Amino acid sequence: MTKLEQIEKIVTELDKFEFEAFSAWFEALQAERWDRQMEADATGSKLNHLAEKAIADFRAGKTRRL
């Protein structure tokens, strides 16, 4: 049995309160990892091409006010 299969089995056996606590913890973990990835992408210039395109579109009048 793989680790993932073990985790799936254990999670399905959690009672309501344990499952709610697990869900809250897992959502926080996902958010934390997403934040770290976004920070790494932003500081590593991975998103520069998107920013440059947005600025070019703005200067070319291809944008509208929200």
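In loop segments of the chain as defined by DSSP, the trypsin sites (Lys or Arg not before Pro) with at most 13 further C-beta atoms inside 10 Å of their C-beta are 46, 62, 64, 65.
Accessible surface calculations at 1.4 Å, restricted to protein heavy atoms, place the chain at 97 Å² per residue. Among the GluC sites (Glu not before Pro) in the stretch 1-64, those placed in a DSSP loop whose Cβ has at most 12 other Cβ atoms within 10 Å are 13.
Go ahead and estimate [θ] at 222 nm for the chain from helices alone: -39,500 (n - 2.57) per DSSP H run with n ≥ 4, summed, over the residue count, rounded to 500. Before the final figure, lay out each step's value.
On the way: 3 runs with 50 residues, N = 66.
Mean residue ellipticity, 222 nm, calculated: -25500 deg cm²/dmol.
Here is the P(r) of the stretch 11-66: all C-alpha pair distances, binned every 10 Å from 0, give 20, 24, 22, 17, 14, 4 in whole percents.
Need the full-extension length gain, residue 62 to residue 49, defined as separation in residues times 0.36 nm minus the C-alpha distance. One decimal, nm. Can you show the working numbers first?
On the way: separation 13, 0.36 × 13 = 4.68 nm, distance 1.68 nm.
Extra length available between residue 62 and residue 49 comes to 3.0 nm.
Charging the Cβ of each Asp and Glu at -1 and of each Lys and Arg at +1, and nothing else, the dipole of the chain about its Cα centre rounds to 740 debye.
With angles folded into 0 to 90 degrees, how steeply does helix 16-43 sit against the dominant principal axis of the chain? Use alpha carbons for both and round to 10. Approximately 30 degrees, to the nearest 10.
Taking all protein chains as present, what is the carbon and sulfur share of the accessible area of the chain, in % to the nearest whole number, probe 1.4 Å? For the chain, the apolar C and S fraction of the accessible surface comes to 59 percent.
The values are calculated or read from the model by the stated rules, or taken from the named source; none is laboratory data. Everything numeric here is computed off the predicted structure, so don't read it as measured data. Neighbour counts are summed over all protein chains in view; Cβ atoms, including those assigned to glycine, are modelled from backbone coordinates with ideal geometry. Please note that ligands, DNA and RNA were not included when accessible areas were found on the heavy atoms of the full protein model with its side chains. Shrake-Rupley method; radii C 1.70, N 1.55, O 1.52, S 1.80 Å.
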